[in-house]
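Below you'll find the structure, written out as structure tokens, and then a few comments.
The values are calculated or read from the model by the stated rules, or taken from the named source; none is laboratory data. Predicted model only: the values in this text are computed from it and were never measured. As a convention, Cβ positions derive from the backbone with ideal geometry for all residues, glycine included, and neighbour counts pool all protein chains shown. Calculation scope for accessible area: heavy atoms of the full protein, side chains included, ligands and nucleic acids excluded. Shrake-Rupley method; radii C 1.70, N 1.55, O 1.52, S 1.80 Å.
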Amino acid sequence: MRWWDLERVMELEEELFPEDAWSRGMFWSELAHARGRDATRHYVVAEDGPRLVGYAGLAVVDRTGDVQTIAAARDHWGTGLGARLLTDLLTAATAFECREVLLEVRVDNARAQRLYERFGFEPIGIRKGYYQPGNVDALVMRLADPATATTGAPANGEPGEPTANTASATTTANPAHTANPAHTANPANPATSVQGTETHG
């Protein structure tokens, strides 16, 4: 993700998360720490032709990765785009030599939890009232070693996200490493599913 992507990113952000969308300034802050020797962020966009259909971001502090956001256009839900975006973040976490990766997900979003579990994430705790408005708890999940993560493919024909290589969108990675927004800065929208899950660290 680069500065010239922000107009399209904001359109999708505001569509998917109308109650608690990140501001343009928050994305600028993230991207400001995304490049150069001291980069601590990785942001990526997914495009389908000229259209931006998804984006994701990872923050890194002291060799711990934190999934900041994963989002995709509604007409790309169920295509495997969420898995592709998460795969990209875990590849970046490995390049950053992260020992672990953390994320938060709504306790009532079983579909997203199944996706994360397929990648090897395990639940480690609860953040009470993390998602506002709505006062919904967040399940904190941890992946012990991103370098050994699974592909996220459904096991034994389990329904769900196709594997990453079946997504119709082309993922274009532009490493961007930035400062970490506060955990309560932008909770996820209650109405979204896996690719619409915004997990701001």
Run the 1.4 Å probe and let me know the accessible area of Trp77, rounded to the nearest 10 Å².
-> 70 Å²
Tell me the label-point distance for the pair Thr150, Glu15, using the 7 Å Cα-to-Cβ offset, in nm and rounded to one decimal.
-> 3.2 nm
Extension gain, Glu7 back to Asp137 (0.36 nm per residue minus Cα-Cα distance, nm) = 43.7 nm
If you take the alpha carbon radius of gyration of region 69-134 and divide it by 2.2 N^0.38 Å, what ratio comes out, to two decimals?
-> 1.21
Point-to-point label distance, Ile126-Ser23, nm (Cα→Cβ direction, 7 Å offset) | 3.3 nm
